[in-house]
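Input: a single structure, listed below in structure tokens.
The values are calculated or read from the model by the stated rules, or taken from the named source; none is laboratory data. Keep in mind it's a predicted model, so treat the numbers as computed, not measured. Don't worry about glycine lacking a Cβ; one is built from the backbone with ideal geometry, like all the others, and counts go over all protein chains shown.
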């Protein structure tokens, strides 16, 4: 994808593009689903498909998974060292809980957390090391859920070349390299 045609050449420009043009949620057959609706997760389980590249940007709506896959594509095309991650959480031994994806990129000697979709932490956050970034993000994630999650696992985000549904996305992520 040619990010330059959207005026995006730096991480800051990508964040500004998201802020000006994108919203949290997803589209299915021209219907918009947002996380403000009580049945958002049920609708996501039924209708959601990962959006890729320009298709995602044209839809104007995405969840953290869509944003992170595009961020990965941007950092790769810009030649910026980066890593993308998937957080899986469990509510108890049998029930899955909330998930999140995010990107880290390196600039000079520092790592930066690029976060758009988790509105509470939206922005670009600087860290001394990748380990410090991951520890801080996982601490914030657990705290956000009042430390009531049974388990939290961190995986490298795999590469996606086609649109997948919720179950295929999670299954692909949990089969990738586990970090913590």
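State the number of residues belonging to region 10-36 that are over 19 Å from residue 113 (Cβ atoms), under 17 Å from the mean Cα position of the chain (by Cα) and in a loop (DSSP other than H, G, I, E, B). The total comes to 3. When residue 148 is tested against (1) loosely packed, with under 14 Cβ neighbours inside 10 Å; (2) within 16 Å of the chain's Cα centre (by Cα); (3) closer than 22 Å to residue 42 by Cβ, exactly one condition is not met: (2). Pairs linking a residue in region 139-155 that is closer than 19 Å to residue 170 by Cβ to a residue that is in a helix (DSSP H, G or I), with Cβ atoms under 7 Å and 6 or more positions apart or on different chains, are 149/142; 152/138; 152/141; 152/142; 154/134; 154/138; 155/173; 155/174. Contact map, region 112-137: residues that are on the phi > 0 side of the Ramachandran plot paired with residues that are surrounded by 13 or more Cβ atoms within 10 Å (Cβ to Cβ) and in a strand (DSSP E or B), Cβ distance under 8 Å, separation 6+ or inter-chain. Pairs shown: 123/115.
Any residue at all in region 37-54 that is more than 19 Å from residue 97 (Cα to Cα), touching a strand residue (DSSP E or B) at 6+ places or on another chain (Cβ under 7 Å) and part of a helix (DSSP H, G or I)? Looking through region 37-54, none of the residues is more than 19 Å from residue 97 (Cα to Cα), touching a strand residue (DSSP E or B) at 6+ places or on another chain (Cβ under 7 Å) and part of a helix (DSSP H, G or I). Residue check: is residue 33 in contact with a strand residue (DSSP E or B) (Cβ under 8 Å, 6 or more places away or on another chain), buried (at least 20 other Cβ atoms within 10 Å of the Cβ) and over 18 Å from residue 161 (Cα atoms)? Criteria met by residue 33.
I'd like the full set of residues that are under 15 Å from residue 168 (Cβ atoms) and in a loop (DSSP other than H, G, I, E, B), limited to region 55-69. The one that is under 15 Å from residue 168 (Cβ atoms) and in a loop (DSSP other than H, G, I, E, B): 63. Here residue 103 does not fit the description of being more than 20 Å from residue 51 (Cα to Cα), at pLDDT 95 or above and surrounded by 13 or more Cβ atoms within 10 Å (Cβ to Cβ).
Only a single item in (1) under 21 Å from residue 81 (Cα atoms); (2) within 17 Å of the chain's Cα centre (by Cα); (3) loosely packed, with under 13 Cβ neighbours inside 10 Å is not met by residue 7, and it is number (2).
Filter region 38-59 for residues that are touching a helix residue (DSSP H, G or I) at 6+ places or on another chain (Cβ under 8 Å), farther than 16 Å from residue 166 by Cβ and surrounded by fewer than 18 Cβ atoms within 10 Å (Cβ to Cβ) and give the result. The one that is touching a helix residue (DSSP H, G or I) at 6+ places or on another chain (Cβ under 8 Å), farther than 16 Å from residue 166 by Cβ and surrounded by fewer than 18 Cβ atoms within 10 Å (Cβ to Cβ): 53.
Scanning region 78-100 for residues that are in contact (Cβ under 8 Å) with a residue 60 or more places away in the chain, surrounded by 14 or more Cβ atoms within 10 Å (Cβ to Cβ) and touching a helix residue (DSSP H, G or I) at 6+ places or on another chain (Cβ under 8 Å) turns up 78, 80, 83, 84, 85, 86, 87, 88, 89, 99.
In region 45-67, the residues that are free of Cβ contacts under 8 Å to residues at least 24 places away in the same chain and at negative phi reach residues that are part of a strand (DSSP E or B) and surrounded by fewer than 24 Cβ atoms within 10 Å (Cβ to Cβ) with C-beta atoms within less than 8 angstrom, at least six apart or across chains, in these pairs: 47/28; 47/33.
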